[in-house]
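Participant: Once you've had a glance at the structure underneath, I'll fire off some questions.
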Amino acid sequence: MATALYPGTFDPVTNGHLDILQRASRVFERVVVSASEASHKTCAFSLEERLSLLRTVAGQLPNVEVMPFKGLVVECARQVGAGIIVRGLRQTTDFDYEFAMATMNTRLAPDIETLFLVASSQYHYLSSSLVREIAALGGDISQFVPPEVEDAIISKLK
Ligand code: ADP
């Protein structure tokens, strides 16, 4: 119960992801945040870039570790000794996908629980893809991502 896994694509990490991570780090003794190697999404940032940004922004949280994962989330949870998978829920649009994932993960590994943290209201509509889109259109993304991530997005666009 003491270790939780927070898996995702993190392409790139936003203030919404960080909010979930900070809150999870207050609930669990140890939180492993893992960026997926192969995602169902086409990524704008490489795995190494996504991990490096996660390490930079999660560095101040002493009980958080960053690592890559490939394959099944439940196998990753077992490998790191996590009995809990943490996911964030924003709007109802997240629900179907998260419900399906949680149900299938429970079928695969009944001993691993998925726990949802409801996104803080200011982050309900925040997603990595929207942030990238706003940046590509010349918009100010400083309120959505940490400064290091803002720099990385702007460099990527050049
Ligand atoms: P995935 O491709 O696995 O959904 P994401 O990086 O998009 O990976 O999201 C990882 C987790 O973080 C998901 O549970 C998602 O719902 C959650 N999340 C994403 N953006 C936010 C946000 N703005 N606030 C809270 N949770 C979020």
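Participant: Kindly indicate the residue of segment 1-32 that is away from the ligand (no atom under 14 Å from the Cβ) and of a type outside the set (Gly, Ala, Ser) and also farthest from residue 141 (Cα to Cα) among those meeting that condition. Spell out the reasoning first.
Facilitator: Restricting attention to segment 1-32, the residues satisfying the condition of being away from the ligand (no atom under 14 Å from the Cβ) are 1-3, 25-30.
Filter again for of a type outside the set (Gly, Ala, Ser), leaving 1, 3, 26-30.
Details: 1: 36, 3: 32, 26: 27, 27: 29, 28: 30, 29: 32, 30: 30 Å.
Filtering segment 1-32 for residues that are away from the ligand (no atom under 14 Å from the Cβ) and of a type outside the set (Gly, Ala, Ser), the one farthest from residue 141 (Cα to Cα) comes out as 1.
Participant: With respect to residue 47, is the statement that it is surrounded by 13 or more Cβ atoms within 10 Å (Cβ to Cβ) and within 12 Å of the ligand (Cβ to nearest atom) true? Step through it out loud before you land on a result.
Facilitator: Numbers: surrounded by 13 or more Cβ atoms within 10 Å (Cβ to Cβ): yes; within 12 Å of the ligand (Cβ to nearest atom): no.
Judged against the criteria, residue 47 is not a match.
Participant: For residues in segment 61-87 being surrounded by 20 or more Cβ atoms within 10 Å (Cβ to Cβ) and part of a helix (DSSP H, G or I), which is nearest to the ligand (Cβ to nearest atom)?
Facilitator: Looking at the filtered set, the residue picked out is 73.
Participant: Can you tell me which residues in segment 97-124 are over 18 Å from the mean Cα position of the chain (by Cα) and either among the acidic types (Asp, Glu) or at positive phi (or both)?
Facilitator: 111
Participant: In segment 37-57, how many are at pLDDT below 95 and in contact with a strand residue (DSSP E or B) (Cβ under 8 Å, 6 or more places away or on another chain)?
Facilitator: 1
Participant: Of all residues in segment 96-140, how many are farther than 30 Å from residue 71 by Cβ, assigned to a loop (DSSP other than H, G, I, E, B) and within 13 Å of the ligand (Cβ to nearest atom)?
Facilitator: Residues meeting the conditions: 3.
Participant: Let me ask you something else. Between residues in segment 7-25 that are within 15 Å of residue 121 (Cβ to Cβ) and residues that are polar (S, T, N, Q) and in a loop (DSSP other than H, G, I, E, B), which pairs lie under 6 Å by C-beta distance while being six or more apart or on different chains?
Facilitator: Matching pairs, first to second residue: 19/120.
Participant: On the basis of being of a type in the set (Ser, Thr, Tyr) and over 25 Å from residue 154 (Cβ atoms), does residue 125 make the cut? Outline the logic, then answer.
Facilitator: On the way: of a type in the set (Ser, Thr, Tyr): yes; over 25 Å from residue 154 (Cβ atoms): no.
So residue 125 does not fit the description; no.
The values are calculated or read from the model by the stated rules, or taken from the named source; none is laboratory data. All values derive from a computational prediction rather than experimental measurement. A quick note on method: Cβ atoms are made from the backbone with ideal geometry, for glycine too, and the neighbour counts reach across all protein chains shown.
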